Every structure is written in structure tokens, then in C-alpha cells.
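Okay, structure first, notes after.
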Amino acid sequence: MIILGVDPGTLITGYGVIEVTKGRCRVLEYDVVKNRSNRSMPLRLKAIYSTLCDVINRHHPDEFAIETAFYGKNAQSALKIGHARGVSILAAVNHEIPSTEYSPREVKKAVVGNGAASKEQVQAMIKSMLQLRQAPKFFDATDALAVALCHSHRYGRPGGSSRSRSRSRFRSDLWSEYVRKHPERVLVSR
């Protein structure tokens, strides 16, 4: 199974492609889409979408995994990440690749064993687990490989595709979990 993992951002979007065969993972490619801050948002989003489509056409992944947006205090940042997530997911959907989302905490726990692990800890574990000669230059690429590895742990076990599981998880599970944990952040219209 080939998995494309994405760590979305409008300035830097990381991506990583791994192949899982008989429980062993092999890195096929990783890099980042790096946008300049003075570039317009539509052009940034086009660069992300185009690059991910090129990666998909090169590797033909069976699965797509993406990190969910971090819900912080800055609404503008969350919106921008949402844009990057949207075009990333669109690239996968347009190529009919099943998509699954993972929270940053879930990814860290799967890779490091600690949901509050630092970027450096994730990078060290990815380098070790995937037997990379050197760590990726950008944490965003490391995080994307971690997302793909997290997905391989969750759904990459023998026994078939995760198509039906990933669709249901993509639709509502994460949102329901977020609403349950943060009812004070949900606006109810009257």
C-alpha cells in the first residue's frame, strides 16, 4: 500500500509518500511546497494543489492522510490552514483516493508514543523508524511522513482497503469529537 501524508500550511505544506509492504515501511518521496509570504493566497493554493497532483501522478497512492487543523486562538491562521487543507483534500478526491484525517496529538502518539511530543522528537523518531540517512530539512516534511506513518499504523494492517472506514472517519468522527471536547467553541444559531 502506498500512502501520501500531508501537513498543510499556506506558506509551507509538507508531504511524504511511503510504501508499506508486509509491515515494513519505505520512503518513496518527501518534500515541501514552499510559498513566499508576498504571494497571493490563490497562487499559494494553486501551488499546493498542483504539486500534490504531480506527486499523486508519480506514485499513485492508495490512501491519503492529512493532519487536521490545530484549533488555536488565532481564527485567521485556522482559516488559512483550512484553505491549504481544502486544496490538499481536493487533490486526493479528484484522484479518487480515500482520505483520512488525524489530529496532531494522534499523529505524535502513533509515532513517538506521546501526544505532546516536540517537533524534534517526532523528527528523530521518523528518521529512525524510516531509516533516513538525514532528517528532512523542514519539520513540515517530517510531520507529513509522520501522518503517513500514523495512517499505516491505523489502517495499513493486512486485510484490505480502508475505503469504507476512512470515508466515515473523514465525514464526522473528528468533528463530533471536537464538539464533545469543546462545546464552548460551537456557535448555535437561534
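Quick note: the coordinates plus some simple rules give every number you see, no bench work behind them. Given the structure is predicted, the values throughout are model-derived calculations rather than measurements. Every residue, glycine as well, gets a Cβ built from its backbone with ideal geometry; the counts of neighbours run over all protein chains shown.
Going by average Cβ neighbours within 10 Å, how do the peptides 106-119, 18-31 rank, with the highest at the top?
Result, highest mean first: 106-119, 18-31.
Just list whichever of Lys46/Lys108; Lys80/Lys127; Lys34/Lys109; Lys46/Lys80 have alpha carbons separated by over 24 Å in the model shown.
Distance filter (> 24 Å) returns Lys46/Lys108; Lys80/Lys127; Lys34/Lys109.
Per the Cauchy relation, a quarter of the hull surface: what is the mean projected area of the convex hull of the alpha carbons in the stretch 1-53, in nm²?
Average projection, Cα convex hull of the stretch 1-53: 3.6 nm².
What are the ³J(HN,Hα) couplings of the stretch 116-130, residue after residue, when phi is run through the Karplus curve with 6.51, -1.76, 1.60 and θ = phi - 60°? Round to Hz, x for glycine and proline.
3J(HN,Hα) across the stretch 116-130, in whole Hz: 10, 4, 7, 4, 5, 5, 4, 4, 5, 5, 4, 4, 6, 5, 9.
For Arg85, Arg36, Arg105, which order do you get if you count the other beta carbons within 10 Å of each Cβ and list the fewest first? Write down the numbers at each step before the final one.
Details: Arg85 21, Arg36 9, Arg105 14.
Ascending number of Cβ neighbours within 10 Å: Arg36, Arg105, Arg85.
What whole-number volume per residue, in cubic angstrom, does the convex hull of the C-alpha atoms of the stretch 20-89 give?
Once divided by residue count, the hull of the stretch 20-89 is 109 Å³.
Starting from one equal scatterer on each C-alpha and no solvent at all, send me the Debye-based log10 I(q)/I(0) for the stretch 11-157 at q = 0.12, 0.15, 0.18 Å⁻¹, two decimals.
Here log10 of I(q) over I(0) equals -0.47, -0.75, -1.10.
Describe numerically, in nm with one decimal, the distance between label points set 7 Å from Cα along Cα→Cβ at Ser40 and at Lys127.
4.1
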